[in-house]
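Written below as structure tokens is the structure these notes are about.
The values are calculated or read from the model by the stated rules, or taken from the named source; none is laboratory data. Because the structure is predicted, anything quoted here is derived from the model rather than measured. Note that each Cβ is placed from the backbone with ideal geometry, even for glycine, and that neighbours are counted across all protein chains shown. Just the protein is used for accessible areas: all its heavy atoms, side chains included, with ligands, DNA and RNA removed. Shrake-Rupley method; radii C 1.70, N 1.55, O 1.52, S 1.80 Å.
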Amino acid sequence: VAKRDGKSCVRLFEKGMSGVASERMTLEQELRRAIAEQSIEPHFQPVIDTGSGNVVAVEMLARWRRNNESVPPLGFIRLAEDLGLINQLSMQLLEKGLTALRHFRQHYPELKLQINISPLQFADRHLALTMLQTIAAYDLPSTALAVELTEGAMLLYPEQVEQTMRQFVEAGVSLHLDDFGTGYSSLARLRDLPFDTVKLDRSFVVMLGEGDTTLSQAVFDMATSMHMDLIAEGVENQTEYEELQAIGYRQMQGYMFARPMPETALIQWLQAHAAA
Ligand code: C2E
Ligand code: MG
Ligand code: MG
Ligand code: MG
């Protein structure tokens, strides 16, 4: 079809491509600069134990302010991966996160930091060692850290993922399976890996709000039978909250409790929450 339509079609296609390509070049350059200048900042979202009302952890979520807009992490994390900059970015965020955690722990001494790890980071055989040394350098116990992986993380470097996970477990780092149920991992594979916590994806929480409890119940039963803890993500309203409670979920995270926020805002939030 392209051939029959002749040159004009080809030229149109090329023009379209070059527009997209130059936009990507600009984005690439700006991301390179943002990483070089360490200007990508962590935000933190509280995780609540609804049984006690305590804040048990905060999840670190990357934020890039570009042209006065907050670029969502899924886009630039992917780009940082493509550019081979994900390790550098992740280490910067880890150090910023640990600095903030030391401040949070002045108010909540037991607070844990949950961080997301990209599948590509497992290419580095020293990932666990480097991260553990960094935590120690910040004078924090490795039990203060939880590492979150998605099912997809296990596909790329399965052996190194396994080895790295064992190193984390030995050091007392908690391992969370993120977005469970949205990927393609088998139950047998999950049973063989040392996850201690499953995070229920927001897409299942949304179904709960629509009266469909099947998948949230199934994830709960599976995790419980494998002696894993659970955290429900993206809890936005009372209906979702009550449905989760009815199934047995206790740890929750979502806009209903608090949005992800910068360090200073979170410290204020923690103080207000402790007083309440
Ligand atoms: P995730 O780890 O599953 O994080 C949860 C996402 O849900 C976050 O999106 C959070 O802002 C959002 N969320 C929390 N509560 C609610 C709610 O009540 N309603 C709704 N609609 N959303 C809620 P965010 O910050 O856009 O991050 C998206 C994903 O990007 C994360 O998913 C994580 O996989 C990845 N990510 C974020 N920061 C990093 C990072 O530093 N490194 C890596 N490798 N990945 C990261
Ligand atoms: Mg996560
Ligand atoms: Mg998730
Ligand atoms: Mg998610």
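The residue that is modelled with the highest pLDDT, counting only those in the stretch 58-106 that are open to solvent by 60 Å² or more (accessible area, probe 1.4 Å) and within 14 Å of the chain's Cα centre (by Cα), is Arg78.
Filtering the stretch 246-261 down to residues that are more than 9 Å from ligand 1 (Cβ to nearest atom) and either assigned to a loop (DSSP other than H, G, I, E, B) or in contact (Cβ under 8 Å) with a residue 40 or more places away in the chain (or both), which residue is most open to solvent (accessible area, probe 1.4 Å)? Explain how you work it out, then say what you get.
First, the residues of the stretch 246-261 that are more than 9 Å from ligand 1 (Cβ to nearest atom): 246-252, 261.
Subset that is either assigned to a loop (DSSP other than H, G, I, E, B) or in contact (Cβ under 8 Å) with a residue 40 or more places away in the chain (or both): 248-252, 261.
Details: Gly248: 23, Tyr249: 1, Arg250: 103, Gln251: 47, Met252: 0, Met261: 29 Å².
So, considering only residues that are more than 9 Å from ligand 1 (Cβ to nearest atom) and either assigned to a loop (DSSP other than H, G, I, E, B) or in contact (Cβ under 8 Å) with a residue 40 or more places away in the chain (or both), the one most open to solvent (accessible area, probe 1.4 Å) is Arg250.
Glu243 fulfils the conditions (1) more than 16 Å from ligand 4 (Cβ to nearest atom); (2) assigned to a loop (DSSP other than H, G, I, E, B) except for a single criterion, (2).
Residues are listed down the side, and each one gets a yes or a no for (1) modelled with pLDDT of 95 or more; (2) in contact with an Asp or Glu (Cβ under 8 Å, 6 or more places away or on another chain); (3) of a type in the set (Gly, Ala, Ser):
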| residue | (1), (2), (3) |
| --- | --- |
| Leu193 | no, yes, no |
| Asp196 | yes, yes, no |
| Lys199 | yes, yes, no |
| Arg202 | yes, yes, no |
| Thr213 | yes, yes, no |
| Ser216 | yes, yes, yes |
| Thr224 | yes, no, no |
| Leu230 | yes, no, no |
| Val235 | yes, no, no |
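Out of everything in the stretch 29-43 that is of a type outside the set (Lys, Arg) and either part of a helix (DSSP H, G or I) or within 16 Å of ligand 4 (Cβ to nearest atom) (or both), what residue ends up being surrounded by the most Cβ atoms within 10 Å (Cβ to Cβ)? So, considering only residues that are of a type outside the set (Lys, Arg) and either part of a helix (DSSP H, G or I) or within 16 Å of ligand 4 (Cβ to nearest atom) (or both), the one surrounded by the most Cβ atoms within 10 Å (Cβ to Cβ) is Leu31.
Enumerate the pairs (first residue in the stretch 45-68 and in a strand (DSSP E or B); second residue anywhere and crowded, with 23+ Cβ neighbours inside 10 Å and of a type in the set (Asp, Glu)) with beta-carbon separation below 7 Å, excluding pairs fewer than 6 apart on the same chain, so at least 6 apart or on different chains. Listed pairs, sorted by first residue: Gln45/Glu59; Val47/Glu59. Can you tell me which residue in the stretch 114-160 is nearest to ligand 4 (Cβ to nearest atom), limited to those that are among the acidic types (Asp, Glu) and closer than 20 Å to Ile77 by Cα? Among those that are among the acidic types (Asp, Glu) and closer than 20 Å to Ile77 by Cα, it is Glu148. Scanning the stretch 225-245 for residues that are surrounded by 14 or more Cβ atoms within 10 Å (Cβ to Cβ) and under 22 Å from the mean Cα position of the chain (by Cα) returns Met228, Asp229, Leu230, Ile231, Ala232, Glu233, Gly234, Val235, Glu236, Glu240, Tyr241, Leu244. All conditions in (1) touching a His at 6+ places or on another chain (Cβ under 9 Å); (2) more than 16 Å from ligand 3 (Cβ to nearest atom) hold for Tyr138, with the sole exception of (1).
Name the single residue that is farthest from His103 (Cα to Cα) among those in the stretch 161-185 being touching a residue at least 60 places away in the same chain (Cβ under 8 Å) and within 12 Å of ligand 4 (Cβ to nearest atom). Only one residue fits best here, namely Asp178.
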